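Undergrad: Okay, here's the structure, questions in a sec.
The values are calculated or read from the model by the stated rules, or taken from the named source; none is laboratory data. Only a predicted model underlies this, so the values are computations on that prediction, with no experimental measurement involved. Backbone-built Cβ (ideal geometry, glycine too); neighbour counts: all protein chains shown. For the accessible areas, the whole protein counts, side chains as well, though only heavy atoms, and no ligand, DNA or RNA atoms are used. Shrake-Rupley method; radii C 1.70, N 1.55, O 1.52, S 1.80 Å.
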Amino acid sequence: MIETKAYAAQDEKTPLAPWTFERREVGPHDVQFDILFCGVCHSDLHQIKNDWFPGIFPMVPGHEIVGRVVKVGAHVKNFKVGDLAATGCMVDSCQVCENCKQDLEQYCLEGSTQTYNSMERDKSMPTYGGYSNTIVVREEFVLQLKEGVDLAAVAPLLCAGITTYSPLKHWKVGKGHKLAVLGLGGLGHMGVKFGVAFGAEVTVLSTSASKEEDAKKLGAHHFIVTKDAEQVKAAMGTFDFILDTVSAPHDFNMYLSLLRTNGTMICVGVPSEPASVAAFSLLGGRKSLAGSGIGGIKETQEMLDYCADNNIVSDIELIDIKDIQTAYERMEKGNVRYRFVIDMATL
Ligand code: NAP
Ligand code: ZN
């Protein structure tokens, strides 16, 4: 077993603190890599708080993981010691169901194995995430990175990046479309970057007037403060797509009214409470309400390559791991610009 240093939550009420545990030995199909940077996703906060379901504790969060390979199993083909490596939200899946066969492992019919707060496929032990010094992952779920990239700023692509890239690709959002990105946080700022890169006319819908300048710097064409009734009224019936990245309960009916006929609101944010949606909000204008979960491994690699080729990274604030609670508190208040990334050298 591999002795591993980490920060863990011992239960849903206790702040994260140093903890050690053992990872499995490197199997024939596994890659072990030492973690250099790990992004901080709002899903980490939801899960340590038991927002969605009772979690598995102690919990080591973190699913935006980049580092360097230190050991490979005998049958590993695509990685060698010293290579860069990355892992996102999944570390395994059944790999034989119809969704896995179509490179949609995130929708594995048996349930994909999450990077943390999940059980290994043989149910022998829980999975532990990237707020740790090293990780062992089967090769199929390890992503490749190009040398020379800004590793800290690349880390958030593993979740915030793919979660916004995948739906924009699926719904073919691009030239001629008016896209609204709802919520300018970790996911939202990546949604803006991809929307602009794909040629859409992008509007940020935000509760924070103070983010307007940043939104424009990120490439957004327009900015609407959703607390301003006049601005919201003027935008009614105007968007082809709304990418909803909001982490807290909000009024779906109000946002659906901003779609034009045949428009689609795509939920990627996962508030702890279910939303109430009136049928009238959808039928007037034949609107669609949809959702999307991260992205498959093949698409994640495609997104990483696309970002490397087009100089797209996340805008980050690099933090020491001892400051993780402060980062969570700021994230809870919507005060993240636009992704915290932990420098794992501080562990
Ligand atoms: P984040 O960085 O905290 O950003 C969320 C943003 O939502 C905030 O910055 C804020 O933006 C806005 N917001 C917060 N509370 C709000 C409220 N009450 N009403 C309206 N807007 C509000 O979070 P994140 O890491 O981007 O994650 C966003 C959500 O996506 C989380 O629920 C997370 O669990 C989920 N997620 C889903 C997937 C998936 O596969 N679908 C993957 C990763 C994360 P403004 O200041 O601009 O209003
Ligand atoms: Zn995430």
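Undergrad: Being of a type in the set (Asp, Glu), out of contact with any strand residue (DSSP E or B) (no Cβ under 7 Å at 6 or more places or on another chain), away from ligand 1 (no atom under 16 Å from the Cβ) and farther than 28 Å from PRO167 by Cβ narrows it down to one residue among ASP11, ASP83; which is it?
TA: On the way: ASP83 fails: out of contact with any strand residue (DSSP E or B) (no Cβ under 7 Å at 6 or more places or on another chain).
Among ASP11, ASP83, only ASP11 is of a type in the set (Asp, Glu), out of contact with any strand residue (DSSP E or B) (no Cβ under 7 Å at 6 or more places or on another chain), away from ligand 1 (no atom under 16 Å from the Cβ) and farther than 28 Å from PRO167 by Cβ.
Undergrad: Being more than 20 Å from HIS189 (Cβ to Cβ) and open to solvent by less than 40 Å² (accessible area, probe 1.4 Å) is the filter; apply it to the stretch 55-66 and report the residue that is nearest to ligand 2 (Cβ to nearest atom).
TA: Across the stretch 55-66, the extreme among qualifying residues is PRO61.
Undergrad: Ok, one more. Return a yes/no flag: does the stretch 305-313 have any residue that is more than 16 Å from ligand 2 (Cβ to nearest atom), of a type in the set (Val, Ile, Thr) and within 26 Å of CYS89 (Cα to Cα).
TA: yes
Undergrad: Quick one: in the stretch 87-102, which of the residues that are more than 16 Å from ligand 1 (Cβ to nearest atom) and surrounded by 14 or more Cβ atoms within 10 Å (Cβ to Cβ) is nearest to ASP44 (Cα to Cα)? Give the steps one after another, and end with the answer.
TA: First, the residues of the stretch 87-102 that are more than 16 Å from ligand 1 (Cβ to nearest atom): 92, 94-98, 100-102.
Narrowing the set further to residues that are surrounded by 14 or more Cβ atoms within 10 Å (Cβ to Cβ) leaves 92, 94-95, 97, 100.
Working: ASP92: 19, CYS94: 24, GLN95: 26, CYS97: 28, CYS100: 25 Å.
That would be ASP92.
Undergrad: Just checking, how many residues over the stretch 161-184 are among the hydrophobic types (A, V, I, L, M, F, W, C) and within 17 Å of GLY39 (Cβ to Cβ)?
TA: Residues flagged as among the hydrophobic types (A, V, I, L, M, F, W, C) and within 17 Å of GLY39 (Cβ to Cβ) within the stretch 161-184 amount to 2.
Undergrad: Looking at the stretch 318-347 only, could you name the residues that are touching a residue at least 60 places away in the same chain (Cβ under 8 Å), part of a helix (DSSP H, G or I) and farther than 13 Å from GLY62 by Cβ?
TA: Once the filter is applied, which keeps residues that are touching a residue at least 60 places away in the same chain (Cβ under 8 Å), part of a helix (DSSP H, G or I) and farther than 13 Å from GLY62 by Cβ, the stretch 318-347 yields GLN325, MET331, GLU332, ALA345.
Undergrad: Test each condition in (1) away from ligand 2 (no atom under 16 Å from the Cβ); (2) open to solvent by 30 Å² or more (accessible area, probe 1.4 Å) for TRP52 and report the one that comes out false.
TA: (1)
Undergrad: Still on this structure, I have one more. Tally time: how many residues in the stretch 26-48 are more than 12 Å from the chain's Cα centre (by Cα) and within 11 Å of ligand 1 (Cβ to nearest atom)?
TA: Selection size over the stretch 26-48: 3.
Undergrad: Right, here's the next one. Would you be able to say whether some residue in the stretch 66-82 is under 16 Å from THR115 (Cβ atoms) and in contact (Cβ under 8 Å) with a residue 40 or more places away in the chain? Break it down stepwise before answering.
TA: In the first step, residues of the stretch 66-82 are kept if they are under 16 Å from THR115 (Cβ atoms); the result is 66-67.
From what's left, in contact (Cβ under 8 Å) with a residue 40 or more places away in the chain: 66-67.
Scanning the stretch 66-82, I find at least one residue that is under 16 Å from THR115 (Cβ atoms) and in contact (Cβ under 8 Å) with a residue 40 or more places away in the chain, so the answer is yes.
Undergrad: Let me ask something else. Evaluate the following for PRO249: is it within 9 Å of ligand 1 (Cβ to nearest atom) and open to solvent by 60 Å² or more (accessible area, probe 1.4 Å)?
TA: On the way: within 9 Å of ligand 1 (Cβ to nearest atom): yes; open to solvent by 60 Å² or more (accessible area, probe 1.4 Å): yes.
Yes.
Undergrad: For the stretch 117-235, give me every one of the strands (runs of 3 or more DSSP E) that falls completely inside it and has 1 or more residues that are closer than 30 Å to ALA74 by Cβ, within 16 Å of ligand 2 (Cβ to nearest atom) and open to solvent by less than 20 Å² (accessible area, probe 1.4 Å).
TA: 134-138
Undergrad: List the residue pairs whose Cβ atoms are under 9 Å apart, where the first residue sits in the stretch 88-101 and is at positive phi and of a type in the set (Lys, Arg), the second is open to solvent by 30 Å² or more (accessible area, probe 1.4 Å) and within 16 Å of ligand 2 (Cβ to nearest atom), and the two are 6 or more positions apart or on different chains.
TA: none
Undergrad: Conditions: (1) in contact with a Ser or Thr (Cβ under 6 Å, 6 or more places away or on another chain); (2) within 16 Å of ligand 2 (Cβ to nearest atom). ALA6 meets all but one. Number of the miss?
TA: Going through the list (1) in contact with a Ser or Thr (Cβ under 6 Å, 6 or more places away or on another chain); (2) within 16 Å of ligand 2 (Cβ to nearest atom), ALA6 breaks only (2).
Undergrad: What are the residues in the stretch 269-287 that are more than 16 Å from ligand 1 (Cβ to nearest atom), open to solvent by less than 50 Å² (accessible area, probe 1.4 Å) and touching a strand residue (DSSP E or B) at 6+ places or on another chain (Cβ under 6 Å), if any?
TA: Across the stretch 269-287, the qualifying residues are GLY285, LYS287.
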